[in-house]
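As structure tokens, the structure follows; a few thoughts come after it.
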Amino acid sequence: MRKRCFIGGTGIILASRLLLPLSGINGSTLGLYPYDRFDEPDICAECHIDISSQYSQSLMSQCFTHMWDEIEYFELALPHSQKEPKVAEVEAGCNGCHAPLAYLAGDIPPKRPAEGTRANESVSCDICHTMTGFEGDTPFNFNYAHEPGDTKQGVRKGTESPGHLIKVNPFLNTAELCGVCHNEKDPFGQWVKATHLEWKDGPYAKAGITCQDCHLPAAPGKSDPEDGIEHPDVRQHLFHGAHDTGKLLGSIEVRIHPNMTNAAPGDEVKLTAVVINAKAGHMIPSGSAEERVVWIHVEAVDADGRRHHLPVDRKGFDGEAFTIASSTEMAYQDIGEIQDIPEFQGLKRDGSVPDGDRIFRLPYLDPQGRMTIAQWNTAGFGPDYRLAPLEAVTEGYTWKLSEDMPEGPVIVRATVWYSRLIDSVAQFLAVPAAEYEPVKISEHATTFTIVQH
Ligand code: HEC
Ligand code: HEC
Ligand code: HEC
Ligand code: HEC
Ligand code: HEC
């Protein structure tokens, strides 16, 4: 059924608002608005057909229902919040961003996704399009402000809708709208998510290129094929990020070169890889950096077809060991404490990343200084060895050629891999394979030739 009549008499909206408390539980927005103050996305889908279809394929519509989110909240964060007073706030807090309708309704903890409550709407159309701004100076930890009802916040002047009123609000086109959820401070006061702050410090913010420009790119068309006006720049609601292989491909570029074109057996050849964050407006990895593993693997094939894995050269900075894969290092012991597993030794810190490969990461450390994927249990960090926007770093590979290297060409290939979740953790928690299977996001090969002395 199309053409819902809006009941938006301003008088009705104001009268109903007066009956509401001025703030929710403890002065926050927790419990401020019952579920029925927000429209369901299905209503918007009657008219905004393409936008709704794009959005429903994105993670923004699945923040609460997506399987790994369900596992992490219900099997780690929620039990932890109930036994450890220091992190008690996350019982409600996770939902401020992942199930904002449940948070605003005070329905905490929400029921599991299978129960089909409105928590499942995740970050719905109405959560963004009734958001008027945020409290304070810095957007973070769901410090949003809403005016739910029949007025939708937009940015175009002079458009009209048969479904709702429109309020022109430039806030919608700012990166701060995204920052209310894409910056997170945990119970230890650590910035465990800072995508908006990283962007703000970087070259794209200076150039005026926002989150919307890359994640809701503008294309010609109509946002409502029946009643909408044709515009040159309709926002495509893609929200494609680390879960979109196309978005990941080429986000890091790699080139590799040798320091000599001919080498003899026994020589020392130095290869240098240049690794660039060529495409993202923030760090790679950003956001859920505690879960992502991004690494470079360099392998050579000699004229006899033998393979030689080249480990990265040490640079010597503090905490560098966290950035070089090791199959013997264990981490994530806090999972055992949260789940009451006696004698839990932890899981492989780097999963199945080959020994000696460089990992671009920010290690999140629990109160005991061990690496954790529980971002709410992060008391400090190791070295930030991620790639900033448009930053290039070099990685060296010094290779002492053996005396039996065959004459002929040696092909050296550098590949960059991206895994959304450390596989050791994923397998332990039975997270589906699609969440951790590595994606090859970039590669380049170079050659040199082995000649006799
Ligand atoms: C009955 C059809 C209909 C329904 C239902 C509907 N819209 Fe719209 N909406 C429109 C039309 C038509 C426009 C104007 C489009 C244009 O001409 O650019 C519009 C415009 C908008 C705009 C753009 C405002 C601006 O000018 O920047 C936003 C945002 C919006 N709608 C959000 C929503 C949301 C959220 C919902 C569901 C809660 C919704 N709409 C439901 C028809 C509808
Ligand atoms: C109300 C909170 C909220 C707001 C506002 C918000 N997001 Fe998100 N966003 C999330 C959550 C939660 C996720 C994680 C989805 C999941 O569970 O994997 C997410 C996921 C994403 C992803 C997908 C990441 C991936 O791994 O594929 C992108 C891209 C994204 N958001 C971009 C944006 C942009 C751009 C804006 C601003 C226009 C924005 N978000 C505003 C909460 C929000
Ligand atoms: C210049 C284009 C560009 C801009 C600007 C940009 N992004 Fe991204 N974003 C990307 C690319 C490319 C990726 C994929 C690489 C990756 O996952 O890091 C990405 C990934 C993401 C992810 C998934 C990151 C991860 O590692 O899990 C999120 C979330 C996200 N962006 C949100 C935002 C938000 C919020 C802003 C604004 C504060 C923003 N982006 C600005 C290009 C951009
Ligand atoms: C994470 C926040 C977010 C969510 C969720 C979201 N939008 Fe938007 N939407 C935006 C932003 C930012 C813009 C760009 C500013 C503007 O034009 O209002 C936008 C623009 C629009 C526009 C105007 C398009 C144009 O360029 O003419 C419409 C219509 C719209 N959204 C409808 C929807 C509908 C329907 C849904 C759910 C299916 C939805 N939005 C979900 C943030 C969001
Ligand atoms: C301030 C907002 C915010 C809070 C609070 C928050 N998250 Fe998130 N969460 C996000 C955003 C945004 C993303 C997407 C980041 C990205 O892709 O880089 C995300 C991503 C995730 C992911 C990864 C999803 C994926 O597909 O890779 C999981 C799991 C998750 N959050 C669980 C939780 C749990 C559990 C809590 C509470 C302890 C929590 N989050 C608290 C905003 C938040």
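Take Asn173, project a point 7 Å from its Cα along the Cβ direction, then tell me which residues of the range 121-135 have their backbone nitrogen under 18 Å from it. Zone members listed by number: 129-133.
Which whole-number percent gives the relative contact order of the chain, counting Cα pairs below 8 Å spaced six or more residues apart? Spell out each step's value before the answer.
Numbers: 960 pairs, mean separation 69.4, N = 453.
Across the chain, relative contact order equals 15 percent.
Descending by average beta-carbon neighbour count within 10 Å, the peptides 370-376, 114-120 line up as 370-376, 114-120, the highest first. Using only alpha-carbon positions in the range 337-415, the gyration tensor eigenvalues give semi-axes of 37, 19, 10 Å once each is multiplied by 5 and square-rooted (largest first).
Normalised by 2.2 N^0.38 Å, where N counts its residues, the alpha-carbon radius of gyration of the range 245-450 equals 1.10.
So for each of 302-311, 95-104, 423-432 I average, over its residues, the number of other beta carbons within 10 Å; can you give me the resulting order with the highest mean first?
Values: 302-311: 13.5, 95-104: 25.5, 423-432: 18.3.
The packing order, highest mean first, is 95-104, 423-432, 302-311.
Tell me what the chain gives for mean residue ellipticity at 222 nm when only DSSP H runs of n ≥ 4 count, each as -39,500 (n - 2.57), the sum divided by the residue total, rounded to 500 deg cm²/dmol. Walk me through the numbers before you get to the answer.
Details: 15 runs with 91 residues, N = 453.
Helix-only estimate at 222 nm: -4500 deg cm²/dmol.
Counted residue by residue at 0.36 nm each, then reduced by the alpha carbon distance between them, the extension gain from Val451 to Ser402 reaches 16.3 nm.
Sequentially through the range 328-334, phi angles give Karplus couplings (6.51, -1.76, 1.60; θ = phi - 60°) of 9, 6, 10, 7, 6, 5, 5 Hz, Gly and Pro residues having no value and appearing as x.
Spin-label model, Ala45/Glu70: points 7 Å from Cα along the beta carbon direction are separated by 1.8 nm.
A simple rule links phi to the HN-Hα coupling: the Karplus curve 6.51 cos²θ - 1.76 cosθ + 1.60 with θ = phi - 60°, which for the range 373-388 gives 9, 8, 5, 6, 10, 9, 9, x, 10, x, x, 7, 10, 10, 9, 6 Hz, with x for Gly and Pro. In whole angstrom, the range 86-190 maps to an equivalent ellipsoid with semi-axes of 27, 19, 9, each derived as √(5λ) from the alpha carbon gyration tensor and ordered largest first.
Would you please give the FRET efficiency between Thr261 and Glu337, computed as 1/(1 + (r/R0)^6) with r the Cβ-Cβ distance and R0 = 56 Å, to the nearest 0.05? Efficiency at R0 = 56 Å is approximately 0.55.
A viscosity of 1.306 mPa s and a temperature of 10 °C, combined with the Kirkwood radius over C-alpha pairs in the Stokes-Einstein formula, give the chain a diffusion coefficient of 65 µm²/s. Among bridges DSSP assigns within the chain, what percent are antiparallel (round to 5)? In the chain, DSSP labels about 90 percent of beta bridges as antiparallel.
Length gain on complete extension for the stretch Asp318 to Met330, per 0.36 nm per residue less the alpha carbon to alpha carbon distance?
In short, 2.4 nm is gained.
Placing a label point 7 Å from the Cα of Val301 along the Cα-to-Cβ direction, the residues of the range 256-284 with a backbone N closer than 19 Å are 256-258. DSSP beta bridges confined to the range 10-235 are antiparallel in about 70 percent of cases. Across the range 320-325, rounded Karplus estimates of 3J(HN,Hα) from the backbone phi angles (6.51 cos²θ - 1.76 cosθ + 1.60, θ = phi - 60°) give 4, 4, 5, 9, 10, 4 Hz, Gly and Pro being marked x.
Calculated FRET efficiency, Asp384 to Asp36, Cβ-Cβ distance, R0 = 51 Å: about 0.70 to the nearest 0.05.
Once the Cβ-Cβ distance between Gln427 and Ala218 is put in as r, and R0 is 41 Å, what FRET efficiency do you end up with, to the nearest 0.05? Please report the intermediate quantities before stating the final value.
On the way: r = 41 Å, r/R0 = 0.99.
That gives a FRET efficiency of 0.50.
In this rough spin-label picture, where each label sits 7 Å from Cα along the Cβ direction, the Thr159-Glu437 distance is 3.7 nm.
The numbers here are math on the coordinates, done by the rules we state, and not lab data. All of these numbers come straight from a predicted model, not from anything done at the bench. All Cβ positions, glycine included, derive from the backbone under ideal geometry; neighbour counts span all protein chains shown.
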